[in-house]
Amino acid sequence: MPTGYDAAPVTPACPPPAAVLEQARPCGAVVCSDLPRSLSSAALLGVRPAQAAALLREAALPTPAARRPLLRLPASAWAALARLAWLAGIACGRESLAQARLRAAQAALWLAALAARHGSVLLVEHGVFNRLLAHQLQRQGWQRQGAHARRHWSFCVLRHDSPAPCAAQSQGVTVSPA
């Protein structure tokens, strides 16, 4: 079940920059998570996903059972603490880091096959799962072109030169709206 954050659309008040639009539009296939947040991000990019898959969902933050925290902190601080706890192995009944890595490996194989078929794939994704997925693609021989910034509407390009004619110069572009 999506959290309020995942179910919320991305605000049109923060449109994607021209550089992101330039990278996104020529891609042969577009995929994203099936969550409203990713679907609205794709819409802001002016692309329509051929597939929206649960396989591409952001790794969920652990949510402790306590209803009233002992400390009052901003939501962003609680999110950062929850992500640190998750990285330390505390999942609170959610998908663990090990499970998210396994899912990223499965998603990387699927995306590589799509890139081989379509020449390029645009993945519209959010957060930590993007980094896990990029790591798995790099383990499969994909090369990152430039750095992947950690800001709104950042993107990274990964390329793979394959000896198979249909997969030569396959390209994957991942866009992180938030």
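Observations, loosely collected:
- Extending 7 Å from the Cα toward the beta-carbon at both residue 138 and residue 11 defines two label points whose distance is 3.2 nm.
- In nm, spacing of pseudo-spin labels at residue 98 and residue 78 (7 Å Cα→C-beta vector): 2.9 nm
- Cβ-placed point charges (K, R +1; D, E -1), dipole of segment 90-159 about Cα centre in debye, nearest 20: 140 debye
- Inter-site label distance for residue 145 and residue 106 at 7 Å from Cα along Cβ, in nm: 3.0 nm
- Segment 32-96, dipole about Cα centre (Lys/Arg Cβ +1, Asp/Glu Cβ -1), debye to the nearest 20: 260 debye
- Å² of accessible area per residue within segment 49-119, as computed with a 1.4 Å probe and no ligands counted: 64 Å²
The values are calculated or read from the model by the stated rules, or taken from the named source; none is laboratory data. From a predicted model like this one, the values you see are computed outputs, not experimental measurements. All Cβ positions, glycine included, derive from the backbone under ideal geometry; neighbour counts span all protein chains shown. Quick note on the areas: whole protein, heavy atoms, side chains included, nothing else; ligands and nucleic acids left out. Shrake-Rupley method; radii C 1.70, N 1.55, O 1.52, S 1.80 Å.
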